[in-house]
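The next block holds one structure in the form of structure tokens; read it before the comments.
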Protein chains: 2
Amino acid sequence: MNKPSDTFPEYRALDEKSVAGFVSQIQTVRETLGGSPETWGAREVGDGNLNLVFIVTGTKGAVVVKQALPYVRCVGEAWALPLERAYFENEALTEEAKFVPHLLPQRYHYDSKLAAIVMEFLSPHIILRKGFIQGIRYPRLAADIAEFMAQTLFKTSDLYLGAATKKQRMAIFCRNTELCKITEELVFTDPYRIAKLNRWTTPQLDDIAEKFRQDGPLKTAAQRLKLKFLTTAEALIHGDLHSGSIMATPEDTRVIDPEFAFYGPMGFDSGAVIGNLLLAFFSQEGHESSPGQRKEYRAWLLQTIEETWNRFEQRFLELWQENASGDAYHASLFADPVSSEALATEQRNYLRRLFHDSVGFAGVKMIRRILGLAHVEDLEAIKDPDLRARCERKALRLGRLLVIESESFSTITEVTAAARQEYSHHES
Amino acid sequence: MNKPSDTFPEYRALDEKSVAGFVSQIQTVRETLGGSPETWGAREVGDGNLNLVFIVTGTKGAVVVKQALPYVRCVGEAWALPLERAYFENEALTEEAKFVPHLLPQRYHYDSKLAAIVMEFLSPHIILRKGFIQGIRYPRLAADIAEFMAQTLFKTSDLYLGAATKKQRMAIFCRNTELCKITEELVFTDPYRIAKLNRWTTPQLDDIAEKFRQDGPLKTAAQRLKLKFLTTAEALIHGDLHSGSIMATPEDTRVIDPEFAFYGPMGFDSGAVIGNLLLAFFSQEGHESSPGQRKEYRAWLLQTIEETWNRFEQRFLELWQENASGDAYHASLFADPVSSEALATEQRNYLRRLFHDSVGFAGVKMIRRILGLAHVEDLEAIKDPDLRARCERKALRLGRLLVIESESFSTITEVTAAARQEYSHHES
């Protein structure tokens, strides 16, 4: 593995004109696109917060070029951000590809000079979040995301790896501090204080935003989760596993964009999935063509939350039972039947602690999308501010409950029941 | 800060003849020793498990040279160990010296070619463990060790540092894997399985050693602590803070030997202190010139445990209240009186969690010194094997209780009460 250079002296931002020339140097890309580079088309389609994204189209096919910009795209050049994040994204994709290649876009090239990754153009996949807004069902989603999380989290953890191997990888990602800092501030801190970049549906949510800023128990609980984010190096986590980082069709699921990856708490990934599915749930009311039209879809979303967690838990335990090769809970200690029984109990306790972490992280992830800088299209797409605020208020109330009472939830069905209750509570 | 070289091409082990020539190249050492190098005397005094230690004496004074060997001294050349540990020790000493220089030996020179540190000859200090065997009281000990732990743990944590600074330092110590591996195996794993290097007072303790190897709940609890050791990067910990790593007089205390340092769980240091004081407590019976002769000294040891924890807790909280400059529990969120009150509650909860960690780590530290490879002089010095085994069995029983029931202890006085009870239980 190469170390990233500290500077990118040959960096230049690509544009729709130059991008074809860049990818034409890559043999596999030429084969994928077909025809001569002069005939290729290119358009910039990035709608995320940070990067340039191009689709380059030839006679036979298309590829995607994702290039880091030296600043935060959604804020502007004033907020500098290191190009090196493309290196970390590529490292994380390399690691994930060892375990779940079928759940990732195929990569053709990583360019360390331009901080760019050239990869598969996924079609007819759309960003999962957009699918949720349209009310599309994804029958494979729960199983695929559960598999992605179980494989990537278990197999980069001390349950699977020797300590030296893990620490060596951890040291690399210790340097992804700028991206971690975005999470530390935007997820765990800014929504709970006056911050220049915060916004919310105003004046409808002014009262609850102010209440949250004065809510001592909520703030200490959110900061306790932040401490966990800062200190707990359990596994190489994706770090941004929301429904905007997943591209899907009803038949296929791919996880993209792991530039926030580092060795952190596993529950941050599972919490991101749960929290964003809950945001999708609460936003449905704003997407109904007639009252109640999305009722069954709402039920499907909650069912997907339950299925995702339950399958994740099951797969994680299976992987552990089949591959207990790590230094933690060393297999040599648990060979006899009595000890093996004790380990099984401990494994259930491990998953219970992970569940509590996930619930708490789900809560802060929901709150930051409504009171902080970066919002989600699920809610932003609701044009009527009163309607949007009604959805958002419910999500905020549940989010607060998940953060403060995370340990009082024993099962995922208690979480979905709380969501249902919060939804109805305001309906009546 | 320089990166250590991966190899030490110019390394040679020093001996009593060559060490004077080596230190004569260092200006401050020449001044400290006085006279000409030909008149200096040198002797090797290392009685630890890993390194060479020389005292070089001149007409005016003396210095200590600690040099890493490329293998584990107490095992032999078959167990290779990287010389780089001298680099990590020097890095840790540099960090500690920012906060508690008065509790460390003064350093004159770090030699990256010879993996050697030249430092103050402490006199009339003796290794604290030897003082405990002699029944010496150290009125300053509790306050000094509490201060050492509070300063070094708090000020290298996310409560004090910004995340990027902390991660940068953490990445360096991620490479101290070989020393961490010693702890991972000898403390958390080997005592609970058949391992070639294990030994214990036999046949007296054969039954309890076997029982521990079959004790499912004990083994899962010990491995849960190991997982914490592997995943929790709370602060730069000393990593080996037992009574053999402290040199003391009744008036002065110095902490030495942080070569096991890395970013780990704070409770591992406080647990090491508590566990080793408890071993001293249980060993006293073997050092009595007449029955009951050490009764008051035993009481002093328990009182020192209580005072160390209570002062540590108090100092840690004071430091936090005065220097809340870290990214965790960001001060900007807790300025108003209500939030400040919530933070105060959270700080008490934080210390309670740290206390539970400490109790658990104290327990595994006790057990490994009786059933594992490296024993302690407190117990080894007891010549009568029946008497020694009686002391050791009590320590093992308490150790097991601390590991399994760590969270059932609310205060340090409950721990010392359990020690007293375990001691008397077998007396009657």
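Close contacts from segment A:190-219, counting a first residue that is more than 12 Å from every other protein chain (Cβ to nearest Cβ) and a second that is open to solvent by less than 20 Å² (accessible area, probe 1.4 Å) and outside any helix (DSSP H, G or I), with Cβ to Cβ under 6 Å and a gap of 6+ residues or different chains, come to A:Asn198/A:Gly372. Among the conditions (1) closer than 21 Å to A:Pro101 by Cβ; (2) not in a helix (DSSP H, G or I), A:Glu147 misses just one, which is (2). From the residues in segment A:172-184 that are in contact (Cβ under 8 Å) with a residue 12 or more places away in the chain and at the interface with chain B (Cβ under 7 Å from one of its Cβ atoms), which one is most open to solvent (accessible area, probe 1.4 Å)? Here the residue is A:Arg175. The residues of segment B:289-305 that are among the charged types (D, E, K, R) and surrounded by 18 or more Cβ atoms within 10 Å (Cβ to Cβ), listed by number, are B:Arg294, B:Arg298.
Do we have any residue at all in segment A:232-245 that's among the polar types (S, T, N, Q), closer than 29 Å to B:Leu159 by Cα and surrounded by fewer than 24 Cβ atoms within 10 Å (Cβ to Cβ)? Yes; the residues of segment A:232-245 include at least one that is among the polar types (S, T, N, Q), closer than 29 Å to B:Leu159 by Cα and surrounded by fewer than 24 Cβ atoms within 10 Å (Cβ to Cβ). The residue pairs whose first member lies in segment B:120-148 and is of a type in the set (Phe, Trp, Tyr), whose second member is part of a loop (DSSP other than H, G, I, E, B), and whose beta carbons are closer than 8 Å, counting only pairs six or more residues apart or on different chains, are B:Phe121/B:Gly61; B:Phe132/B:Ser243; B:Tyr138/B:Pro250; B:Phe148/B:Val100. Within segment A:319-341, the residues that satisfy the criterion of being open to solvent by less than 20 Å² (accessible area, probe 1.4 Å), at the interface with chain B (Cβ under 9 Å from one of its Cβ atoms) and hydrophobic (A, V, I, L, M, F, W, C) are A:Ala328, A:Leu333, A:Phe334. The criterion of being aliphatic (A, V, I, L, M), over 18 Å from the mean Cα position of the chain (by Cα) and more than 9 Å from chain A (Cβ to nearest Cβ) holds for B:Leu161. Within the set A:Thr232, A:Thr253, the sole residue that is polar (S, T, N, Q) and within 14 Å of another protein chain (Cβ to nearest Cβ) turns out to be A:Thr232. Residues that are among the aromatic types (Phe, Trp, Tyr), buried (at least 24 other Cβ atoms within 10 Å of the Cβ) and out of contact with any Gly (no Cβ under 6 Å at 6 or more places or on another chain) do occur in segment A:185-205, at least one of them. Among the residues of segment A:134-158, just one is within 14 Å of chain B (Cβ to nearest Cβ) and acidic (Asp, Glu), namely A:Asp158. Given the structure, is B:Glu392 surrounded by fewer than 22 Cβ atoms within 10 Å (Cβ to Cβ), in a helix (DSSP H, G or I) and modelled with pLDDT of 95 or more? It is false that B:Glu392 is surrounded by fewer than 22 Cβ atoms within 10 Å (Cβ to Cβ), in a helix (DSSP H, G or I) and modelled with pLDDT of 95 or more.
The values are calculated or read from the model by the stated rules, or taken from the named source; none is laboratory data. Keep in mind the model is a prediction, meaning the values are calculated, not measured. With ideal geometry, Cβ positions are generated from the backbone for all residues, glycine too; neighbour counts draw on all protein chains shown. Just the protein is used for accessible areas: all its heavy atoms, side chains included, with ligands, DNA and RNA removed. Shrake-Rupley method; radii C 1.70, N 1.55, O 1.52, S 1.80 Å.
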